[in-house]
Amino acid sequence: MASTIALDTTLTSLSGEQRPLHEWVTTFHLASVVLDPYTNESSWILPTAVRVLEAFRGADVRVNLVVTCSPDEAREFLGPLVDQFMVFCDADRSFVRGIGVATLPALVFVQGNGTVTAAEGWNPAEWRRVAKAIAANTAFNGFPVLGSILARDGYLPKALHTRGDRLAYSNGIVILALVAVGLVTLFSASYEQP
């Protein structure tokens, strides 16, 4: 598996717009789920891929799907997901070769400098490793939503799944604020000086 990818590698959007990778990662890193629509694994992984990408939608990262086929085949394979996510078509597999992935599906994190962190195939521990790399390298403001999803699945207290009067996950926002205040107090941080 490659540790970097050439930033002149071309990615083609579903609409046919072709740009070198460095233009796609100028502002935000890429968090991609790479799929081969002609394999069974890529079909059954779609719900999990959507959950992973939705969890990072609030982070400073472009969540997207890369499909190794033509745009028409991608639309047929992904159905309504083409309207929910940025989709790239990699029919010639230049992106897949560039990141050095041999087995699909894959979760791939491409940083602005071309550094690649990837998990080949469906390996939950490896996908978690990539998800942690995404979280460690991006600003994340989606804790209340992520906390709600984890509470719904039973990994956090159910109170985090409750929406407040303004349809926000109030308990998650309060917890996040308390943790921030605690860190500032604990480390005697000064937020007034540069």
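Please give the peptides 176-186, 100-110 ranked by average Cβ packing (other Cβ atoms within 10 Å per residue), highest first, as a rough proxy for protection.
The densest-packed peptide leads the list: 100-110, 176-186.
Taking the Cα centre of the chain as origin and charging only Cβ (+1 Lys, Arg; -1 Asp, Glu), how large is the dipole, in debye to the nearest 20?
It works out to roughly 680 debye.
Determine the calculated [θ] at 222 nm for the chain from helices alone, applying -39500 (n - 2.57) to every DSSP H run no shorter than 4 residues and normalising by the residue count; nearest 500 deg cm²/dmol.
Roughly -11000 deg cm²/dmol at 222 nm, from the helical runs in the chain.
Considering only protein heavy atoms and a 1.4 Å probe, what is the carbon-and-sulfur percentage of the accessible area of the chain?
56 percent
With loop defined by DSSP as not H, G, I, E or B, and exposure as at most 11 other Cβ atoms within 10 Å, which is the longest segment of the chain clear of exposed GluC sites (Glu not before Pro)?
18-191
Roughly how many debye, to the nearest 20, is the charge dipole of segment 14-120 about its Cα centre, given +1 on each Lys and Arg Cβ, -1 on each Asp and Glu Cβ, and no other charges?
260 debye
What shape does segment 17-124 take by its C-alpha gyration tensor, where a ≥ b ≥ c are the square roots of the eigenvalues and a/c under 1.5 counts as rounded, a/b above b/c as prolate, and the rest as oblate?
Verdict is rounded for segment 17-124.
The values are calculated or read from the model by the stated rules, or taken from the named source; none is laboratory data. Note that the structure is predicted; figures quoted are calculated from it, not measured. Methodologically, a virtual Cβ is constructed for each residue, glycine included, from the backbone with ideal geometry; neighbour enumeration extends over all protein chains shown. Accessible surface is based on the protein model in full, side chains and every heavy atom, while ligands, DNA and RNA are left aside. Shrake-Rupley method; radii C 1.70, N 1.55, O 1.52, S 1.80 Å.
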